[in-house]
Amino acid sequence: MAFTHRHLIDITEYSRDDIMLMLETAAKFKEVNERRIKQVPTLKGATIVNMFNEPSTRTRSSFEIAEKRLSANSLNFGGSSTSTVKGESLSDTVETLCAYKIDMIIVRDKHAGVPRKIADLSGVHVIDAGDGKHQHPTQALLDLFSIWEEKGSFEGLNVGVVGDIAHSRVCGSLLPALKIMGANTVAIAPPTLLPARPDILGADEVSTDMDSVLPDLDVVYMLRVQRERLEGAPFPSLREYNQLFGLTQARDRLMKPDAIVCHPGPINRGVELDSFMADHPERSVILDQVYAGILVRMAALYLLLGGSNDGIDA
Amino acid sequence: MALMLKGARCIDPQVGLDEVCDILIRDGKIVEVGHDLSMEKGEERDLTGKIVVPGLVDMHVHLREPGYEQKEDIASGTRAAAHGGFTAVCAMPNTNPVIDNAVGVEYVRARANEVGKCRVIVSGACTKGLAGEILAEMGDMHAHGVCAFTDDGHGVQSSGMMRRVMDYASQFDCVVMPHCQDDSLVGEGQVNEGVASTRLGMLGWPAEGEELEIARDIALCRLTGCPLHIQHITTARGLEMVRQAKAEGLPVTCEVTPHHMFLTEDDIDDTYPTALKVNPPLRTSDDAVALVEGVVDGTVDAIVTDHAPHTDWEKDREFELAPFGMIGLETSLGAVLTNLVAKGIIDYDKMVQVMAVNPRAILRQEPVKLEAGSTADLTVFDPSEEWTVERAGFYSKAGNAGFMGCTFTGKATDAYVGGYATMEDGVVVE
């Protein structure tokens, strides 16, 4: 099947087949990651810029590892030394990068729409590593990968996403991605943390009553309480949040026996997740998600840069 | 020096005129409107196929001078106005320094006299520095020719302060023109709260953030008796409040922009076009339809552009960092002719009413009529000229036009201010 995308910016531009190809490719990269020397020459010679204009450790590390395992040349560009801090415009920064003759830009920015703008300006491949409150497509893909590994398919799966949906770029990609794959979705949050139109994102249902919804869920996706991104105070206290929307040990009995728990990390223990759930040997797939991040990012780099098949088979 | 405009269709609902005739102008005034007029000496213009109306007035324009001349100045902004067919604009006071005292008023008036290509009606701030805290010297500004007060760009947040503004302003024959925005609701809102804010992943600017202040200011109008003109109304419910206030007999008027009527939040696609970032934001298609109905039924008194020029480098950046505003002086008439008149939604009489007659009345300006004795401020347009909006054609310094690339039918060709041509055959006269 032909994969024709040049960018991974908006997950809604990807079809079910595109996403399945991405997941299947990711699965093939498992073998590389289980070798003693975890590197293949697939993207040798490709230059990838990790343009992280906002602090990020986990996502950037995950991309860097994926790039290195595929032998791409990568350059970290950003942080507190960004040209933006010195007053350079985004356009000028991107044009400067392009003058380096690069092949791909991985971009994280606190402003929505930046990856698209970079794609239009640069002409090189672009992966959105999170733009403002908008999207974070590789996170959605790694979430799908973990769910797929556990559940085998998406059709008819009941997935509940709990927490700060209004300010979550994770949800901006995950909810539409789940809809594309045929899952049923329910957004669970206090009204102060819901976007104006959850249906536009892809939420089939909205609930403020976690306990009434939990028994139906195959996947419970807990969002991080983003303390740094909460304008005003959308709930009275972390204590009350934990009581109403935290996945506590007490809620375990409400869940399906085979329900799994996902979280994009980093976890606020005692807020959205009790340690009992975070470390639950059967339910928690949180560390599998981290590993899946490497796999789907390798897959995305590979498919977008059109690497030869040698890498996987080598 | 006499000027004869020959053969145009002359339309003025104020005098019940709509027929092909000649207009004779001398010493800045209309001397005669009639058939087969002749004169002994003077310039004659053949305007066959064109339409002449009382000069258009845009009562909501940011000329940006003093302080932001990189975006626009009085010379370029008034040329853009003339090019768009306007013979007068009302300049907003949110310059740097803010026009909140008589010195500022005199500066703008002097510059307009020196370099302007249309009349510049100066509005003054309601509060010092637009901060919403201390009354500006409205009396002094009024004595220096200000006929409207506004803190445009900001809502006056405190109800008590807004009451004081309106109470105080009511002693002058002046309208107070609020920009309705409740900051605690709007916050850092970027686009209409709802589909657009969710789809684009940006903070929403809710309709209620505008409607609450409209409701409040109508109540304060009732309390103080001060004439109230709601700026750039964008929502169906906000308009309904104005409709009810008018039915009650309150001295309330309002304005809408072409962009809020003819563009919607759905036009903001995933390229994050910053030209469409305006304040208040583009709303839903239902709101846009309601605004057009408001023009038709008379609830809307004026069509204005809220011409808000910015430099390319200010607009060419992240959507959330780009400033609000789009330019409109050179596209307004074309947009209205194409989207309202040509479609039969309104007739020329109504267009003249909302783009010339009512703005003058609200701003306490002498009426301009197509009859003997009136000041010869006239707009001439070709109703059939098809043209495409492009940067190259602008007299404005700025290029942040929301209608860029649109094709319109109908374009201003000539404009006269006090009998002098400011534009002839589509070219601004220098």
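The values are calculated or read from the model by the stated rules, or taken from the named source; none is laboratory data. None of the values given here were measured: they were computed from a predicted structure. No Cβ is skipped: glycine too gets one built from the backbone with ideal geometry, and neighbour counts run over all protein chains shown. SASA here: full protein model, heavy atoms, side chains in, ligands and nucleic acids out. Shrake-Rupley method; radii C 1.70, N 1.55, O 1.52, S 1.80 Å.
Numbers below:
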| item | result |
| --- | --- |
| Any hit, region B:396-403, residues being among the basic types (Lys, Arg) and open to solvent by less than 30 Å² (accessible area, probe 1.4 Å) | no |
| Test: residue in region B:307-328 that is away from chain A (no Cβ under 14 Å), β-branched (Val, Ile, Thr) and assigned to a loop (DSSP other than H, G, I, E, B) | no |
| Qualifying residue in region A:133-155 (condition: among the β-branched types (Val, Ile, Thr), assigned to a strand (DSSP E or B) and away from chain B (no Cβ under 11 Å)) | no |
| Number of the exception - B:Gly325 against (1) open to solvent by 10 Å² or more (accessible area, probe 1.4 Å); (2) on the phi > 0 side of the Ramachandran plot; (3) within 17 Å of the chain's Cα centre (by Cα) | (1) |
| Wholly within region A:198-314, helices (runs of 4 or more DSSP H) carrying at least 1 residues that are within 29 Å of A:Val40 (Cα to Cα) and at pLDDT below 95 | A:310-313 |
| Which listed residue is assigned to a helix (DSSP H, G or I) and either acidic (Asp, Glu) or open to solvent by less than 20 Å² (accessible area, probe 1.4 Å) (or both), from B:Ala275, B:Ala288 | B:Ala288 |
| Condition met for B:Lys369 (closer than 22 Å to B:Arg9 by Cα and assigned to a loop (DSSP other than H, G, I, E, B)) | yes |
| In region A:86-121, the residues that are away from chain B (no Cβ under 14 Å) and over 16 Å from A:Glu54 (Cβ atoms) | A:Lys86, A:Thr96, A:Leu97, A:Cys98, A:Ala99, A:Tyr100, A:Lys101, A:Ile102, A:Asp103, A:Met104 |
| Any hit, region B:396-408, residues being assigned to a strand (DSSP E or B), more than 18 Å from the chain's Cα centre (by Cα), of a type outside the set (A, V, I, L, M, F, W, C) and closer than 30 Å to B:Gln70 by Cα | yes |
| Whichever residue in region B:382-395 is under 13 Å from B:Glu330 (Cα atoms) and touching a Ser or Thr at 6+ places or on another chain (Cβ under 6 Å) and, among such residues, is least open to solvent (accessible area, probe 1.4 Å) | B:Val389 |
| Residue count for region B:80-117, restricted to those that are out of contact with any helix residue (DSSP H, G or I) (no Cβ under 7 Å at 6 or more places or on another chain) and touching a residue at least 60 places away in the same chain (Cβ under 8 Å) | 9 |
| A:Pro198 vs. criteria open to solvent by less than 70 Å² (accessible area, probe 1.4 Å), touching a helix residue (DSSP H, G or I) at 6+ places or on another chain (Cβ under 6 Å), of a type outside the set (Ser, Thr, Tyr) and within 14 Å of chain B (Cβ to nearest Cβ) | no |
| Set B:Thr338, B:Thr299: member being more than 14 Å from chain A (Cβ to nearest Cβ) and open to solvent by less than 10 Å² (accessible area, probe 1.4 Å) | B:Thr299 |
| Where B:Gly225 falls short, out of the listed (1) touching a Ser or Thr at 6+ places or on another chain (Cβ under 7 Å); (2) more than 14 Å from chain A (Cβ to nearest Cβ); (3) on the phi < 0 side of the Ramachandran plot | (3) |
| All positions within region B:148-176 that are open to solvent by 20 Å² or more (accessible area, probe 1.4 Å) and under 19 Å from the mean Cα position of the chain (by Cα) | B:Gly153, B:His154 |
| Tabulated pairs, region B:384-397, first without any contact (Cβ under 8 Å) to a residue 24 or more places away in the chain, second surrounded by 13 or more Cβ atoms within 10 Å (Cβ to Cβ), C-beta under 8 angstrom, 6+ apart or interchain | B:Glu386/B:Phe408; B:Glu386/B:Thr409; B:Thr388/B:Cys406; B:Thr388/B:Phe408; B:Glu390/B:Met404; B:Arg391/B:Gly399; B:Arg391/B:Ala401; B:Arg391/B:Met404 |
| B:Ala196 in the same structural domain as B:Asn279 (by TED's automatic domain parsing) and open to solvent by 10 Å² or more (accessible area, probe 1.4 Å) | no |
| Hey, B:Thr379 part of a strand (DSSP E or B), more than 30 Å from B:Pro273 (Cα to Cα) and within 17 Å of the chain's Cα centre (by Cα) or not | yes |
